[in-house]
Amino acid sequence: MTVPAIFAARGSADRLTGLFWRRPRLLLVLLLTPPLLWLGVVYLGSLATLLLQSFYSIDEFSGVVVPEFTLKTYAELLRPANFDVILRTVVMSAAVTLGCAVLSFPIAYFAARYAKGRWKAVFYLGVMLPLWSSYLVKVYAWKLILAKEGIITWAASATHTTAALDALLALPVIGGNSLSTSYLGMFAVFVYVWIPYMILPMQAALERVPTSMIEASADLGATRAQTFRTVILPLALPGVVAGSIFTFSLTMGDYIIPQIVGNSANFIGMAVYQLQGTAGNIPLAAAFAVVPIVIMLIYLGLAKRMGAFDAL
Amino acid sequence: MTAAVEFACVSRHFGPVTAPIKAVDGVDLTIAEGAFFAMLGPSGSGKTTCLRLISGFETPTSGQIRIFGQDVSQTPPHLRNVNTVFQDYALFPHMNVRDNVAYGLMVKGMGRAARYGRADEMLSLVKLDEYGDRKPGQLSGGQRQRVALARALVNEPRVLLLDEPLGALDLKLREAMQDELKALQKRLGITFVFVTHDQHEALSMADSLAVFNDGRIAQIGTPEQIYAQPRTRFVADFVGSSNVLPPAMTAALGGPAKWASLRPESMYLSASGPISGTVTALRYLGSGTRVVLRVGEADVAALVPTGAPVPQIGSASAFAFAPGALHVMEGE
Ligand SMILES: Nc1ncnc2c1ncn2[C@@H]1O[C@H](COP(=O)(O)OP(=O)(O)OP(=O)(O)O)[C@@H](O)[C@H]1O
Ligand SMILES: [Mg+2]
């Protein structure tokens, strides 16, 4: 008996594979249709509706949405009270992003370049574990930690550093009555909840920087600081930017932490929440919601201009 | 002449102390200033590790390394005036070719105009004048290799380390680059330490070469010495695929009862030759045919030049060899 040169199709699986081989695009279309439907209709569709809403306005007397194109709602954003909310949110988001980046880098660097085997597992667990517990639980836990009667106050008095804590709280603007009612406390909680979203992309980017590149830099006479500035950072920058997009946009959109921690100053997320709910001002809520999108686009444009994606 | 690099019983072990991987094991080595020194050996024999010990990316487990007489055990890589052409070139992908080449000058604080001037000089030295504005990703393998060379040479190092720099190139380009490298080294007078596992490359380029095996140096000498007078069976076999004759056979051929080597190209077919047996394999090599003869327990190969008659597989045949071709080895 001779072995056949061409096998007969054994069943539908063989026939399907054959069909996909003859028409490679078919498989692609089949695979992409459901997610594209979801993304295109549900996701982009609602985004478009949001945009549309922001160009409507509300009738001040009846409180009814007037479905006519106007820039009135956007002009309202520039009113001092509203503009303050935007400014406050952007500054907080930038500070949180910077804080996350500075704290993440050493951890991500260690994980990417030195951690092996068991230490790598410890790293992933350590970073992800906090994500498994409820966000609300974490925020309320932080409120207790930061409260006037909380662990931090207690620890400060136990180590006789109450004076330092008081000096910190006495700082203008960012200080306050206690950590849990100050911008400082809010900053700490934001950094805590969003830092995994910075560490992971950063670690992935750093892992992709070949060791030989770092050695080549040292070989050519660069100090550690020079290598960091001219080789590691530019090569890891896409990861840092990816992480900063997460931390920046997550902070900008959050409406829970500013309610629980801090001095109850308004943030974009809270403003959207109140405007679409109790106030029933959907157009202004939509306009507020567009602000983070615009800011992110500007940010990405700047990052691209600075060459953050050149190494991609 | 001073020694550019000296190894005094240098070892580099990896892994647990109880069962170490001896990547480099008790190596003694002197590389003369201005020499083209090759390190030859099979994969995993410790060549790269030796280079990394010189550049400072590995520290010896024991022993001492001196560069131009100075002990470098406390000197970090960036303070050694030694540059490396890496096995994978390690060009910086986010910089263009000119910035890559100027990198060493940049980190030493040279101004932009001056360092770009020097970089362009270097690029023309390696015949890449037109390529300064490209990114490394837009270059061919051979061009990348030359950028890596220019990037190292721009620093005017005292010693240049090259780790299999021609490994990724095709044969034609490789031969061209071999000649270029050799000419460049003569012109600049810089000490080159060149790692390769290609014996032809090592023999044709080096002034002096070390054959590595299992982290140790099997033999060190000029290419002629290594080729004609291998000290051990390993060297004879690895460099030029020589015939290694067991002691009994050496004695039968009129030598002492020791291992000996006999080069295939110094043998010829001769009906009355002293080495007789059955032809077991023929391999056509273009310039000649390698004829393998089964003699008792051993295989002996001879190179028959193209044009001369070649015996058939299975037929009885005999070889003779030129007087003095039989080299008796000192080592095992
Ligand atoms: N960092 C390391 N950890 C553990 N073992 C290592 C390390 N570096 C090298 N070795 C081992 O040391 C030995 C020598 O390695 P080396 O890279 O010097 O070989 P080589 O001669 O350059 O080989 P090749 O021709 O394949 O490049 C190998 O067995 C290798 O597995
Ligand atoms: Mg190697």
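The values are calculated or read from the model by the stated rules, or taken from the named source; none is laboratory data. No experiment lies behind these values; they were computed from the predicted model shown. Here the Cβ is made from the backbone with ideal geometry for all residues, glycine too, and neighbour counts use every protein chain on show. Ligands, DNA and RNA are stripped out before the accessible areas are found, and what is left, the full protein with its side chains, is counted by its heavy atoms. Shrake-Rupley method; radii C 1.70, N 1.55, O 1.52, S 1.80 Å.
Could you please state, rounded to a whole Å, how far the C-alpha centre of segment A:245-282 is from the C-alpha centre of segment B:173-245? When both Cα centres are located, 71 Å separates them.
Exceeding 20 Å between C-alpha atoms, which entries from my cross-link table qualify? They are B:K47/B:K258; B:K47/B:K186; B:K47/B:K108; A:K304/B:K135. Long pairs (Cα-Cα over 20 Å): B:K47/B:K258; B:K47/B:K186; B:K47/B:K108.
Working value for segment A:26-99: equivalent-ellipsoid semi-axes of 34, 24, 8 Å, each the square root of 5 times a Cα gyration tensor eigenvalue, largest first. Phi-derived couplings, Karplus 6.51 cos²θ - 1.76 cosθ + 1.60 at θ = phi - 60°, listed residue by residue for segment B:123-138: 5, 6, 4, 9, 6, 10, 3, 7, 9, x, 8, 7, 8, x, x, 9 Hz, with x used for Gly and Pro. Net length available on complete extension from B:E175 to B:L282 is 35.8 nm, with 0.36 nm assigned per residue and the Cα-Cα distance removed. With a 10 Å cut-off around each Cβ of B:76-85, the average count of Cβ atoms from other chains is 4. Taking the helices alone, the protein assembly as shown has a mean residue ellipticity at 222 nm of -15000 deg cm²/dmol, built from -39,500 (n - 2.57) per DSSP H run of at least 4 residues and averaged over all its residues.
Roughly how many whole Å is it from the C-alpha centroid of segment A:84-122 to that of segment B:247-275? Their Cα centres are 72 Å away from one another.
With all protein chains present and a 1.4 Å probe, how do A:I268, A:I152 order by accessible area, largest first? Could you put the intermediate results ahead of the total?
Values: A:I268 5, A:I152 55 Å².
Descending order: A:I152, A:I268.
Over segment B:80-144, the alpha carbon radius of gyration divided by the compact-protein estimate 2.2 N^0.38 Å works out to 1.08.
Listed by chain and number, the lysines whose C-alpha is less than 21 Å from the C-alpha of A:K148, apart from same-chain residues fewer than 8 away, are A:K138. Label-to-label distance, A:L32 versus B:D299, with points set 7 angstrom from Cα along the beta-carbon direction: 5.5 nm.
Separation of segment B:12-41 and segment A:180-233, taken as the distance between their Cα centroids, equals 35 angstrom.
Length available on full extension from A:D84 to A:M306: 0.36 nm per residue minus the Cα-Cα distance, which gives 77.1 nm. Put simply, the convex hull of the Cα atoms in segment A:236-306 casts, on average, a shadow of 5.5 nm².
Protein chains only, probe 1.4 Å: how do B:H197, B:H78 rank by accessible area, largest first? Working shown, then result.
Numbers: B:H197 95, B:H78 60 Å².
Heavy-atom accessible area, descending, gives B:H197, B:H78.
A crude spin-label estimate for the pair B:D88 and A:L50, with each label 7 Å from Cα along the Cβ direction, gives 4.0 nm.
Taking all protein chains into account, the per residue accessible area for chain B stands at 45 Å² (1.4 Å probe).
Note the direction-averaged projected area, equal to a quarter of the hull surface, for the Cα convex hull of segment B:215-332, in nm². Numbers along the way, then the final one.
On the way: hull surface 31.1 nm².
Quarter of the Cα hull surface area: 7.8 nm².
Looking at segment B:38-112, the pairs of alpha carbons with a distance over 18 Å make up 53% of the total.
Using a 1.4 Å probe, what is the accessible area per residue for segment A:72-311, in Å²? Intermediate values should be presented prior to the final figure.
Values: 11770 Å² over 240 residues.
Dividing the accessible area of segment A:72-311 by its residue count gives 49 Å².
The fraction of accessible area contributed by carbon and sulfur in segment A:72-311 is 72 percent, rounded to a whole number (1.4 Å probe; ligands and nucleic acids excluded).
Among DSSP beta bridges lying fully in chain B, give the percent that are antiparallel, nearest 5.
Of those bridges, close to 70 percent are antiparallel.
Between chain B and chain A, the total buried accessible area stands at approximately 1700 Å², from heavy atoms with a 1.4 Å probe.
Sorted from greatest to least, the principal axis extents spanned by the alpha carbons of segment B:1-156 come out as 52, 32, 26 Å. What fraction of the DSSP beta bridges in the protein assembly as shown is antiparallel, stated in percent and rounded to the nearest 5? Beta bridges within the protein assembly as shown, antiparallel portion: roughly 70 percent. With all projection directions averaged, the alpha carbon convex hull of segment A:191-312 covers 9.4 nm². Global size of segment B:99-180: 12.9, 40 Å for Rg and Dmax (C-alpha atoms, Rg to one decimal, Dmax whole). Within the straight-line cut-off of under 17 Å between alpha carbons, the aspartates and glutamates reachable from A:K143 are A:D254, sequence neighbours fewer than 8 places apart in one chain being disregarded.
Inter-label distance, B:S270 to A:K148: 11.1 nm, where each label sits 7 Å from its Cα along the C-beta direction.
Full extension of the chain between B:A32 and B:L188 yields a length gain of 54.7 nm, computed as 0.36 nm times the residue separation minus the alpha carbon distance.
Based on every Cα atom in chain A, Rg and the maximum pairwise Cα distance Dmax equal 25.8, 94 Å.
Under a 1.4 angstrom probe, counting protein chains only, how are B:D71, B:D198, B:D214, B:D28 ranked by accessible area, largest first? Walk me through the numbers on the way to the answer.
Values: B:D71 70, B:D198 35, B:D214 115, B:D28 95 Å².
Solvent-accessible surface, decreasing: B:D214, B:D28, B:D71, B:D198.
Sorted largest first, the principal axis extents computed over the alpha-carbon atoms of the protein assembly as shown equal 122, 75, 53 Å.
Using the beta-carbon distance between A:T223 and B:T61 and R0 = 25 Å, what value does 1/(1 + (r/R0)^6) give for FRET efficiency, to the nearest 0.05? Write out the running numbers ahead of the final one.
Values: r = 26 Å, r/R0 = 1.06.
Taking R0 as 25 Å, the efficiency between A:T223 and B:T61 is 0.40.
Each residue of chain B gets 172 Å³ once the volume of the Cα convex hull is shared out per residue.
I'd like the mean, over residues of A:206-219, of how many other protein chain beta carbons sit within 10 Å of each residue's own Cβ.
Numbers: counts 0, 0, 0, 1, 4, 2, 9, 7, 2, 8, 15, 7, 10, 18.
Neighbouring Cβ atoms belonging to other protein chains average 6 per residue here.
Using the empirical formula 2.2 N^0.38 Å as the baseline, the Cα radius of gyration of segment A:140-223 reaches a ratio of 1.68. Residues of segment A:120-134 with the amide nitrogen closer than 18 Å to a label point 7 Å from the Cα of A:A155, along Cα-to-Cβ, please. Only A:130 fall inside the zone, counting backbone N under 18 Å.
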